[in-house]
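The values are calculated or read from the model by the stated rules, or taken from the named source; none is laboratory data. Bear in mind the structure is a predicted one, so any value in this text is a computation, not a measurement. When we count neighbours, we look across all protein chains shown, and the Cβ atoms used for this are built from the backbone with ideal geometry, even at glycine.
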Amino acid sequence: MTPPPRPAAPAGAATDFSELVHYTPEQIEAAGWLPFSARTLRDKASARVFPHSKAGGRITFLLRHIREIAAMHEVRPASERKRPIAADDLRRNTEAGAVRPSGG
């Protein structure tokens, strides 16, 4: 199944209609835009794990949804991770009331 043709913007128009096209899970799978089957896309959308549209009762995805799903699965290099909270910092924050330890 090939994706539907994207409508062309009228001459001089600033609107990019490609952002408004709704793609079915089958179209996304066939295009290879995400590493998920149509069934997985539909299941995760139904479970509200993946952003999606449900116009007309059908699960569809806009380009921004596809980009968000791809970004959800990015893995950043270890050098970009936030440093762990040191025990001294945690103690200072707890004393200042910023962090409440879970108690038992």
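Scanning region 62-81 for residues that are outside any helix (DSSP H, G or I) and either at pLDDT below 90 or surrounded by fewer than 14 Cβ atoms within 10 Å (Cβ to Cβ) (or both) yields His73, Glu74, Val75, Arg76, Pro77, Arg81. For region 54-74, residues that are farther than 16 Å from Glu19 by Cα and hydroxyl-bearing (Ser, Thr, Tyr) total 0.
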